[in-house]
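**Student:** Following this message is one structure expressed as structure tokens.
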Amino acid sequence: MGQFNITSIKTSSNGVWQGDNPLDYAFPLLIVQTTFILIISRFLSFLFKPLRQPKVIAEIVGGILLGPSAFGRNKTYMQRIFPSWSTPILESVASIGLLFFLFLVGLELDLNSIRRSGKRAFSIAVAGISLPFICGIGVAIILRKTVNGVDKVGFAQFIVFMGVALSITAFPVLARILAELKLLTTRVGETAMAAAAFNDIAAWILLALAVALSGDSEGKAHKSPLVSVWVLLSGLAFVIFMMVVIRPVMKRVGKRCSHENDGVDEAYICLTLGGVMVSGFITDLIGIHSIFGAFVFGLTIPKGNFAERLIERIEDFVSGLLLPLYFASSGLKTDVAKIHGGEAWGLLVLVITTACAGKIIGTFAVAMICRIPARESLTLGVLMNTKGLVELIVLNIGKEKKVLNDEIFAILVLMALFTTFITTPTVMAIYKPARGTIAKTNRKLGDLSSSSKHDAPADPLRVLACVYGPGNVPSIISLIESTRSTKNSFLKLFIMHLVELTERSSSIILAQRARKNGFPFFNRANRGEWRDRLSGAFQTYSQLGRVSVWPTTAISSLSTMHEDICHVAEEKRVTMIILLFHKQWRMEDDNDDSGKAHEVLENVGHGWRVVNQRVLKNAPCSVAVLVDRGYGNGSHTPGPNATVAQRVCVLFFGGPDDREALKLGERMAEHPAVRVTVIRFVEKEGVNGNNVVLSPSPIITSEKSYSFSTPKLNRKQEKELDENAMGEFHSKWDSMVGYIEKESGNVVEDVLAIGKSGDYDLIIVGKGRFPSITVAELAARPAEHAELGPIGDILTSTGNGVLSSVLMIQQHDVALAHEAPLCKAEDLSDVKGNDNI
């Protein structure tokens, strides 16, 4: 392709039918470039996810791959997809994204928390900047003598850029790593964040100094030194003006846009976004980079509802679409091939070693002086060594000002990539806080003291209920209310709102607010500050009396969400965890005015199903999984003065899980607005259960088959326990509950008939890990939802027409903890070794 005159480039083409190639026009080419960049960066992000690397790593690597280091070696590709004339256009669009991203960084940086963080964080930050900066000066002197062309750059400019490049800590990237590792609110995490915030402020001051000193090395090398002084003084005046004049104005805007004043006016959002652009223009006019103005403007915005709305409006567009363009434009300037020969690679090793050693040793030494334990001090050093976006910004400005040549630029980009990449695995290796293996305490409904002595108060029932959002509120409240005895028992309800930790930086802010010492916490002092609909609904419910409601939010990646749930269950000594099944059915009216309704299935995703499975495996107490088919909607929520509003059925086959289901049914029977029916399945006379044997099978997977307990239990003793439980239930509640006995013929048909009948709002079943003879017969049945056990799966499988909601219960019992997929053998002589039945 021939040389292009930039002024002759047109925005859009007339199309291929009129002989135009869209790639020769600015806008179609920008679309292709953007699409190509997004595909590469998201693919690499997916590849790096198992390594728990921040998204910035994938975007930097993607940029390098797209540039002359990899794909760019093909000249046709470079001339067609990334021609030189398109670079200013791509960089202009990317710079808009960068401008707003730095505004978000300033918005998220809490100056008050920096002031509160004290001398310790300040000392660590100073050491983490000064020693690497001094090391950077040493490296700069070596590079000036070794790399061709570097000695032509002004000495002061070069050492400042090298010092800043080696001493920076990437605040946004560090926050992401700490959130992923659940260290955000531990002592290490809080100290690292405060020190990184100090570091960030210092880095911007140093960067402003570097830009002021550098100017343009071509044509302006002999400018008056007074110019740099004027640039710095003007920059200082700008900061003072923003903090003294603009900050109080933005505080007034923040108050006007608070929850108490009916939310955010669109005009304020638009004016604020315009303010970002104006601030950027002013600092560019002064002679400091425009991003400095956007960052300072972000600092003036008060934290609160207005800031949250701003983040919601622009974060996804900026971080997801525009920012990868900036990394790609950086990658297009990075040519690893410029690092050639043993000497150049030796310089790369020197720069990486100096950067790591300066940062880690400086931080470690001061942290030890501050009496922080050695392991935590070393972890702080590694965390403070995180580089990322800000590093790339510094390097790009240095290259733009011609302070850094291609070889130095490539060396420093690889240094930033390496130091950030090693942070997560190194921290995981050297710092393992006492997150604790969960102590296997035997907590189940049967452990609560009996409420039969009406003159003595029963032990409080402690329940941890996990919800996804406001849509789950009616079913959870209805279930909790039905288990709340109206006589003399007290109920403590811990509500945990489960939120996935995403790539959005706003989720990190939420995580900071919702966690304490790395885990979700319940703050009684803030219980009056219920803001969202979800919390408000439970607050209203708690006012009924004899129910104490404690809300919290768990913000974690799905792979570690179960740790938060199990930790809170252990810490709060709960008796039962209530989880929501990942599928939920609800009824919607037809649009044809016929008055009929149809069933709609909502699926929150397979990731949440895996969370449930891990909780079932690791929980320190009994677990219930609610399969919601409109339970609690309309008239089905019992109240203190209601007549029978709920019809509950307990299916009893026998075994520890079914006995736990019976215990829950016993509690529900105490509520005057709940009608409980127990249906007991008994074996037909003459059936020889000894011929039904379950044995491990190497070819069966746990995803498609039911898991049963592998330890041997005494079947005769289990039958006695079943009879005793049923006898005790009859003696207490015989006159108040319905009781039906069924001979098990075709279990699947019998259970489905109960579910399809619509006679019950809720059916309670045990998981059946130590199954009765009847349930063991179902072992060979293909499972759709194996975690619910055979009976729960029958009532939940799609296409069966079941109308009732289902509650599957797993009793906590150490003896049943180890499970494995087992297959059924009809003849005892065929099986050797472990038998479960």
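**Student:** Restricting things to alpha carbons, tell me how big the range 280-329 is in terms of Rg and Dmax, in Å.
**Tutor:** 13.0, 34
**Student:** PRE reach from SER559 (point 7 Å along Cα→Cβ): which of the range 165-208 fall under 16 Å by backbone N?
**Tutor:** Residues 176-183 fall inside that zone.
**Student:** While we're looking at this one, here's another question. Ordering GLU400, GLU602 by how much accessible area each has at a 1.4 Å probe, largest first, what is the list?
**Tutor:** The most accessible residue leads, giving GLU400, GLU602.
**Student:** Given a cut-off of 32 Å, name the pairs among LYS704/LYS732; LYS182/LYS359; LYS492/LYS742; LYS255/LYS359 whose C-alpha atoms lie farther apart than that in the structure shown.
**Tutor:** The answer is LYS704/LYS732; LYS492/LYS742; LYS255/LYS359.
**Student:** Measuring from label point to label point, each 7 Å out along Cα→Cβ, what is the ALA365 to GLU741 span in nm?
**Tutor:** It is 8.3 nm.
**Student:** Per residue, how many Å² of accessible area does the range 147-218 show with a 1.4 Å probe?
**Tutor:** Spelled out: the 1.4 Å probe surface of the range 147-218, per residue, equals 26 Å².
**Student:** What ranking do 20-31, 383-394 get when scored by the average of other Cβ atoms within 10 Å per residue, highest first?
**Tutor:** Per-residue mean Cβ counts within 10 Å order the peptides as 383-394, 20-31.
**Student:** Sorting check: for 607-614, 189-196, 54-61, which peptide has the highest mean count of neighbouring beta carbons within 10 Å, and how do the rest follow?
**Tutor:** The most tightly packed comes first, giving 189-196, 54-61, 607-614.
**Student:** Can you give the accessible area per residue of the range 275-431, in Å², using a 1.4 Å probe?
**Tutor:** So the range 275-431 comes to 33 Å² accessible per residue, rounded to a whole number.
**Student:** Measure off, as a whole percent, the carbon and sulfur share of the 1.4 Å-probe accessible area of the range 97-215, all protein chains present.
**Tutor:** Reported share for carbon and sulfur atoms: 64 percent.
**Student:** Here is a follow-up. What value in Å³ per residue do you get for the convex hull of the alpha-carbon atoms in the range 41-135?
**Tutor:** 180 Å³
**Student:** OK, next. For ILE31 and TRP345, FRET efficiency with R0 = 41 Å and r from the beta-carbon atoms, rounded to 0.05?
**Tutor:** It comes out at approximately 0.60.
**Student:** May I pose another question? Could you give the nm distance between label points at TRP85 and PHE281, where each point is 7 Å from its Cα heading toward the beta carbon?
**Tutor:** So the two model labels end up 2.9 nm from each other.
**Student:** If you don't mind, there's one more thing I want to ask. Distance in nm between label sites at ASP316 and VAL244, each 7 Å beyond Cα in the beta-carbon direction?
**Tutor:** For the pair ASP316/VAL244, the computed spacing is 4.2 nm.
**Student:** Roughly how big is the range 276-323's charge dipole about its Cα centre, with Cβ charges of +1 (Lys, Arg) and -1 (Asp, Glu), in debye to the nearest 20?
**Tutor:** For the range 276-323, the charge dipole is close to 120 debye.
**Student:** Would you work out what percent of the accessible area of the range 291-427, with all protein chains in place, is carbon or sulfur (probe 1.4 Å)?
**Tutor:** Carbon with sulfur: 66 percent of the solvent-accessible area.
**Student:** Determine the dipole magnitude for the range 51-165: charges of +1 sit on the beta-carbon of Lys and Arg, -1 on that of Asp and Glu, nothing else is charged, the reference point is the Cα centre, and the result goes in debye to the nearest 20.
**Tutor:** So the magnitude is around 280 debye.
The values are calculated or read from the model by the stated rules, or taken from the named source; none is laboratory data. All figures in this text were calculated on a predicted structure; none of them were measured in a lab. Cβ coordinates were reconstructed from backbone atoms using ideal geometry, including for glycine residues, and neighbour counts include every protein chain displayed. Areas reflect the complete protein model, heavy atoms only, side chains present, ligands, DNA and RNA absent. Shrake-Rupley method; radii C 1.70, N 1.55, O 1.52, S 1.80 Å.
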